[in-house]
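What follows is a short report on a single structure.
The values are calculated or read from the model by the stated rules, or taken from the named source; none is laboratory data. Please read all numbers here as calculations on a predicted model, not as lab measurements. Cβ atoms come from the backbone with ideal geometry, glycine included; neighbour counts cover every protein chain shown.
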Amino acid sequence: DWKIEAKRVAKIYPKPGSRSTKDATAVLDGFDLQIKSGEFLSLLGPSGCGKSTFLNILAGLETHNGGAVLVDGKRVEGVNKNVGVVFQGYALFPWLTAQKNVEVGLKIRGVPKAERRARAAKVLKTVGLEAAANRLPHQLSGGMRQRVAIARVLAYEPDILVFDEPFAALDAQTREFLQGELLRIWESGDTKKTILFVTHSIDEAIFLSDRIAVMTRAPGKVKTLFDIELPRP
Ligand code: ADP
Ligand code: ADP
């Protein structure tokens, strides 16, 4: 009973300017991955092995050429509102306060104003930023900006949270702090969210995850190298 299941997924990018699939590159080929509901899985692998490509396919932001990606047993078709993606860059609107940055995402999704306000206030509290709700991004530290970005995604109330190297640009101390915060957020929900976390740091993966999957550079050769059980306080 998998929350997320990738079965023999293939993704081919044609060479720029070429219409022939002959000189196309297969980024993913026979890619398999399974994630249980409520599981925190870290995905590691060298640059260019297709991690971001898979995240985008899962979120419905990118098509694929073969195989299937299932969420709750259903094929992903188009943008998947059940999947919230936190990217490495914060992508906050510099002229909007933290609160408004969270609300804008909900506005785009058609959530009425009163509910936008309430949901934004709630998630800013979840990430420990209630006192900074009226500050502009430039008045926030890098770690706080990344927390706003996480709050924005939490406000959509997705079951699945996807992180693409979210802490890579932060200093070590901030990164460690946010790793702890992420675990706290993950554990505090009524129902535990399923997390797919892409990182380059094996330390980070070991600290955060229930399970680690490692992708190799050869397309599609994905191996789960080991399973770890972390003591959760
Ligand atoms: P990772 O996230 O593991 O670093 P990516 O999924 O970003 O890897 O990229 C995998 C491969 O696909 C890389 O070789 C990259 O150059 C290529 N690629 C990614 N996006 C595109 C695109 N839109 N068009 C062509 N090639 C792409
Ligand atoms: P209020 O809730 O105070 O009426 P709005 O939610 O209408 O405010 O908009 C707050 C701010 O967000 C405005 O400055 C507006 O320009 C900006 N804004 C709203 N929607 C978008 C959007 N899709 N992209 C960028 N900025 C937006």
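Some observations on this one:
- Of all residues in the stretch 87-107, those being more than 16 Å from ligand 2 (Cβ to nearest atom) and in a helix (DSSP H, G or I) number 0.
- Any hit, the stretch 178-192, residues being within 16 Å of ligand 1 (Cβ to nearest atom), crowded, with 18+ Cβ neighbours inside 10 Å and aliphatic (A, V, I, L, M): no
- Meets criteria (in contact (Cβ under 8 Å) with a residue 40 or more places away in the chain, more than 16 Å from ligand 2 (Cβ to nearest atom), more than 17 Å from the chain's Cα centre (by Cα) and surrounded by fewer than 18 Cβ atoms within 10 Å (Cβ to Cβ)) for Asp1: no
- Test: Gly84 is modelled with pLDDT under 95, of a type in the set (Gly, Ala, Ser) and not in a loop (DSSP other than H, G, I, E, B): yes
- Listed by position, the strands (runs of 3 or more DSSP E) contained in the stretch 132-233 that have at least 2 residues being free of Cβ contacts under 8 Å to residues at least 40 places away in the same chain are 222-227.
- Of the residues in the stretch 113-128, not one is touching a Ser or Thr at 6+ places or on another chain (Cβ under 8 Å), closer than 14 Å to Lys100 by Cα and without any contact (Cβ under 8 Å) to a residue 60 or more places away in the chain.
- Within the stretch 62-86, restricting attention to residues that are among the hydrophobic types (A, V, I, L, M, F, W, C) and without any contact (Cβ under 8 Å) to a residue 24 or more places away in the chain, the residue that is farthest from ligand 2 (Cβ to nearest atom) is Val76.
- Taken over the stretch 150-205, the criterion of being over 20 Å from Ile4 (Cα atoms), within 13 Å of the chain's Cα centre (by Cα) and among the charged types (D, E, K, R) is satisfied by Arg152 alone.
- Some residue of the stretch 108-116 being within 10 Å of Arg152 (Cβ to Cβ) and assigned to a helix (DSSP H, G or I): no
- Qualifying residue in the stretch 39-51 (condition: small (Gly, Ala, Ser), touching a helix residue (DSSP H, G or I) at 6+ places or on another chain (Cβ under 9 Å) and at pLDDT 90 or above): yes
- Qualifying residue in the stretch 43-59 (condition: of a type in the set (D, E, K, R) and surrounded by 15 or more Cβ atoms within 10 Å (Cβ to Cβ)): yes
- A single member of Lys15, Lys11, Lys36 is touching a His at 6+ places or on another chain (Cβ under 8 Å) and charged (D, E, K, R), and it is Lys11.
- For Val27, the requirement of being surrounded by 13 or more Cβ atoms within 10 Å (Cβ to Cβ), over 26 Å from Leu182 (Cβ atoms) and more than 16 Å from ligand 2 (Cβ to nearest atom) is met.
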